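A short worksheet on the structure shown next.
Derivation of every value follows stated rules applied to the coordinates shown; laboratory data play no part. Predicted model only: the values in this text are computed from it and were never measured. Note that we place each Cβ from the backbone using ideal geometry, even for glycine, and neighbour counts take in every protein chain shown.
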Amino acid sequence: MSTTDGSAAARAATPGDESGAGSGRDAIVRAARRAFTLRPYAEVTMRGIAADAGVSPSLIVKRFGSKEALFNTVADFGAAADALFAAPPPELGRHLVLTMVDLRERFGGDPLLRVVFSLGIEDERTLLRARFREQVTDRLARALTGPDAALRAELIAGQLLGLGATLSLHRPDGAGAHTSAERLADLYAPGLQRLVDGA
């Protein structure tokens, strides 16, 4: 497994925009995320991912080309970061919470937590951490103004991971599962916004 950034290659191996439910791509990515999070890279098979996704192994090869390209897709936080940071700084705290909840619902799981819960061997954990830092934490730090931008970015990322972990831990019948995204943002966003503002 290469530790180079293969996300562009993974996207190139995916013809067109096949994010629709009928394409099977979302199911494959969800199954791959589960597989790579729960097992070392060497133990993950395309056949196992296909069975979990309810598709044929040949469809995975057609969509992604190889297991390495599929792993690089799973290890790419860029799309989640694009969505999370698509708001001006004065509105970012609330936007982060609402977007995090939306991404969890759309993708059937947390788009960031795999960096925490990966049980893979050190190479995979190292790659996931490096990608997360580059695509999420460092990107956010560059967008913040004022003192301690790197530290504030790390704390914001930690709070987002904490929100995702809390919602996962208490599903399906916890209070968070029965609370609207707007109410979650009312309660959780002010702390994030203080870190964004640097106050």
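Values for this structure:
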| quantity | calculated |
| --- | --- |
| Three-way shape call for region 20-96 based on the alpha-carbon gyration tensor, with the a/c threshold at 1.5 | prolate |
| FRET efficiency, 1/(1 + (r/R0)^6) with R0 35 Å, evaluated for Leu38 and Arg194 via beta carbons | 0.50 |
| Extension gain, Arg125 back to Glu91 (0.36 nm per residue minus Cα-Cα distance, nm) | 9.0 nm |
